[in-house]
Amino acid sequence: MTSTKSSDAPEPSQRGAAHSRYSLRADPSLIDSRFAAWRLAAALLAATLGNAPMYVLPVVLPEVQRDFGIGRGDAALAYTVMMIGLGAGGYLCGRWADRWGMAWVLALGGVGTLAGFLLSAAAPGLVVFALAHCVLLGFLGMGSSFAPLIADTGLWWQRRRGVAVAVVASGNFLAGTIWPPVVQAGIDAFGWRATFSSMGLICGLGMVGLSLCMRQRPPAITHPGGPDGSTAAASGLNSDRPFGLSALGAQWLLFFAAVCCCVAMAMPQVHIVAYCSDLGFGAARGAEMLSLMLGFGVVSRLASGWISDQIGGLRTLLLGSALQAVALALFLPFDGLGSLYVISAMFGLFQGGIFPAYAIIVREYFPPEQVGARTGGVMVGGQVGMALGAWLSGQVFDLTGSYDAAFFNGIGWNLVNLAIVLWLMWRIRPGRRADPSVQPDRRQAAA
């Protein structure tokens, strides 16, 4: 059988590089291996470069607003369309990665990142600037380096899947830790346009180079379910009917849950620099708070990955969502400089594990052969939420002249997310069958 032949001895009928050893599935023995660890390191670095636009734009937002002579809500529109592009790109790039491999998709994303930063730097107005962020930086650049990398990583790990997914997802927050102060320094020294051009060269070319490390296709999925190989059915669930719902219905519910939590998440992440400027602390202090927030988010994602391996993705999501609501509420009574530093760190620490939890939930409760597409589809909800939250917060500010109402808006969306997660927890509570047609052997489940 061709699936068991050595990758160094292809059939004569195989056509060129498209059928090279890099187009074949890796041996399952590479799961949880040293090779998987090296690939994880490359994926982390690629995510750190590819997700840079998400955190560069909030820093440059006040400069763009002044340069183009537009309002705060209009300036935030570029972030909104970029996140929409990321959502669509994450789904389609994930499908392309399934077909052609992660290497080609990441290389394409690197080219898009390079072109996107350069076009933004030369943009004469908001329209060109927003299009560059939507299509090149969002759809291609971040779309290739977020959901596809997370889904790909989940296929290389079994026992420590939660930690591995958290590591690569941390690239998103690591980008937010590294780039805001670097970009702010570049803006102060050279202006935002020259800084954007430099970011394009660093991030775009770096992604193309790292794509060479991603040529090996992941092993075929053989063990659905949790990190120990347990399946959803072994926990009283039918993997064809996650949470006792149709697969499509469950995915749409998780999609909406992701929208809600990320609308709330977007308020501090996107507007903290502008918020600090309005309070008189300056953009540099806001950039430091954003960096601090996302730095603690890295710690949170790693810790939440370990927690997911212990208690599962759904309970980890519940914990993170509840704590995020608490942190958002703390922004309302405290607006001193020292307080904002502390709350920013708390917000990063509380909400960092939320987004990777969705990938773990999909891996645990959906059929394994659907994981890539389902993960990308659910994560589109997160990008829609970030886009909607960025725009809503800007519009609320323009209408009220204050960010207090925007914080209340975020808390309300967060509470809806909590309600959805609690309902899903109720669906899988002990002693309740998720589907009347499914009668699991509880003794087998306990074993």
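Please indicate, with yes or no, whether at least one residue in the stretch 428-443 is surrounded by 14 or more Cβ atoms within 10 Å (Cβ to Cβ), modelled with pLDDT of 85 or more and of a type in the set (A, V, I, L, M). No: the stretch 428-443 contains no residue that is surrounded by 14 or more Cβ atoms within 10 Å (Cβ to Cβ), modelled with pLDDT of 85 or more and of a type in the set (A, V, I, L, M).
Is it the case that the stretch 265-285 has a residue that's within 25 Å of residue 375 (Cβ to Cβ), at pLDDT 85 or above and among the β-branched types (Val, Ile, Thr)? So far as the stretch 265-285 goes, no, none of its residues is within 25 Å of residue 375 (Cβ to Cβ), at pLDDT 85 or above and among the β-branched types (Val, Ile, Thr).
Of everything in the stretch 137-179 that is at pLDDT 85 or above and farther than 30 Å from residue 99 by Cα, the residue that is surrounded by the most Cβ atoms within 10 Å (Cβ to Cβ) is 179.
One residue stands out in the stretch 318-330 among those that are over 16 Å from residue 420 (Cα atoms) and touching a Gly at 6+ places or on another chain (Cβ under 9 Å): the one that is surrounded by the fewest Cβ atoms within 10 Å (Cβ to Cβ), namely 327.
Can you find even one residue in the stretch 37-45 that is at pLDDT 85 or above and basic (Lys, Arg)? Yes: one or more hits. Screening the stretch 298-373 for helices (runs of 4 or more DSSP H) wholly inside it with 1 or more residues that are under 26 Å from residue 286 (Cα atoms) and either modelled with pLDDT under 90 or in contact with a strand residue (DSSP E or B) (Cβ under 8 Å, 6 or more places away or on another chain) (or both) returns the ranges 337-351, 354-365.
Only one entry in 232, 250 is over 18 Å from the mean Cα position of the chain (by Cα), among the aliphatic types (A, V, I, L, M) and at pLDDT below 85, namely 232.
For residue 380, the test of being at pLDDT 75 or above, over 17 Å from residue 324 (Cβ atoms) and either surrounded by fewer than 23 Cβ atoms within 10 Å (Cβ to Cβ) or not small (Gly, Ala, Ser) (or both) is passed. Candidates 175, 151, 166: the one that is farther than 19 Å from residue 269 by Cβ and either part of a helix (DSSP H, G or I) or touching a strand residue (DSSP E or B) at 6+ places or on another chain (Cβ under 6 Å) (or both) is 151.
Here residue 343 fulfils each of the conditions (1) free of Cβ contacts under 8 Å to residues at least 40 places away in the same chain; (2) surrounded by fewer than 15 Cβ atoms within 10 Å (Cβ to Cβ) apart from (2).
The single condition among (1) closer than 24 Å to residue 426 by Cα; (2) crowded, with 24+ Cβ neighbours inside 10 Å that residue 315 does not meet is (2).
Go through the stretch 210-221 and count every residue that is in a helix (DSSP H, G or I) and crowded, with 16+ Cβ neighbours inside 10 Å.
Count: 4.
Quick check: is even one residue across the stretch 118-132 within 13 Å of the chain's Cα centre (by Cα) and not hydrophobic (A, V, I, L, M, F, W, C)? Scanning the stretch 118-132, I find no residue that is within 13 Å of the chain's Cα centre (by Cα) and not hydrophobic (A, V, I, L, M, F, W, C), so the answer is no.
Restricting attention to the stretch 299-308, the residues that are surrounded by fewer than 22 Cβ atoms within 10 Å (Cβ to Cβ) and not aliphatic (A, V, I, L, M) add up to 1.
The values are calculated or read from the model by the stated rules, or taken from the named source; none is laboratory data. For clarity, every value in this text was computed on a predicted model and none was experimentally measured. All Cβ positions, glycine included, derive from the backbone under ideal geometry; neighbour counts span all protein chains shown.
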